[in-house]
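Rule-based calculations on the coordinates, nothing more; no lab input. None of these values were measured; they are calculated from a predicted model. We place every Cβ from the backbone using ideal geometry, glycine too, and count neighbours over all the protein chains shown.
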Amino acid sequence: MAMTEPSRTETAGAAAGAPLLPGPDAFRAGDSEEDRLVAQLAFAMAAERGLAASPETVESLRTQAAATLSAFAFRYLHNRVEEIRREAVAAQLGRIGRPPGFLRLVLANLAALAIAAVAGGWIALYPETLSGLLGR
């Protein structure tokens, strides 16, 4: 008669005097990929805490695992959206040309002053232009 070797959880539980953990199949509730992930996390939580194998414990750990995965998924989604926003802003800023330098701004102000001086000189030389603009 062939004897099977005990699993690591059984030997660890027996050595520590703790109750034996159920196998990972005890935590599975369905066949979907999401149920498999929840079951694996619940089994890991049970193994980490060294909890006994009762149906209430299994269900409690499955609920905690689902909540933990949900919180992680929300944080991951939030962080990914933030990364996408940063990439979009960087791409948009890459399309915008460089702002004018100091010299260009000074020259633009000098040109504006020259235009104002020409307009002021015109009005000083031809006062009827000013009276026509004011409606007299």
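Brief remarks on what is shown
- Per-region count, region 101-126, residues part of a loop (DSSP other than H, G, I, E, B) and either of a type in the set (Val, Ile, Thr) or touching a strand residue (DSSP E or B) at 6+ places or on another chain (Cβ under 8 Å) (or both): 0
Yes or no, residue by residue, for (1) assigned to a helix (DSSP H, G or I); (2) loosely packed, with under 10 Cβ neighbours inside 10 Å; (3) out of contact with any Phe, Trp or Tyr (no Cβ under 6 Å at 6 or more places or on another chain); (4) charged (D, E, K, R):
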residue: Gln64; (1), (2), (3), (4): yes, no, yes, no
residue: Thr68; (1), (2), (3), (4): yes, no, yes, no
residue: Leu77; (1), (2), (3), (4): yes, no, yes, no
residue: Arg80; (1), (2), (3), (4): yes, no, yes, yes
residue: Val89; (1), (2), (3), (4): yes, no, yes, no
residue: Leu93; (1), (2), (3), (4): yes, yes, yes, no
residue: Pro99; (1), (2), (3), (4): no, yes, yes, no
residue: Glu128; (1), (2), (3), (4): yes, yes, yes, yes
residue: Ser131; (1), (2), (3), (4): yes, no, yes, no
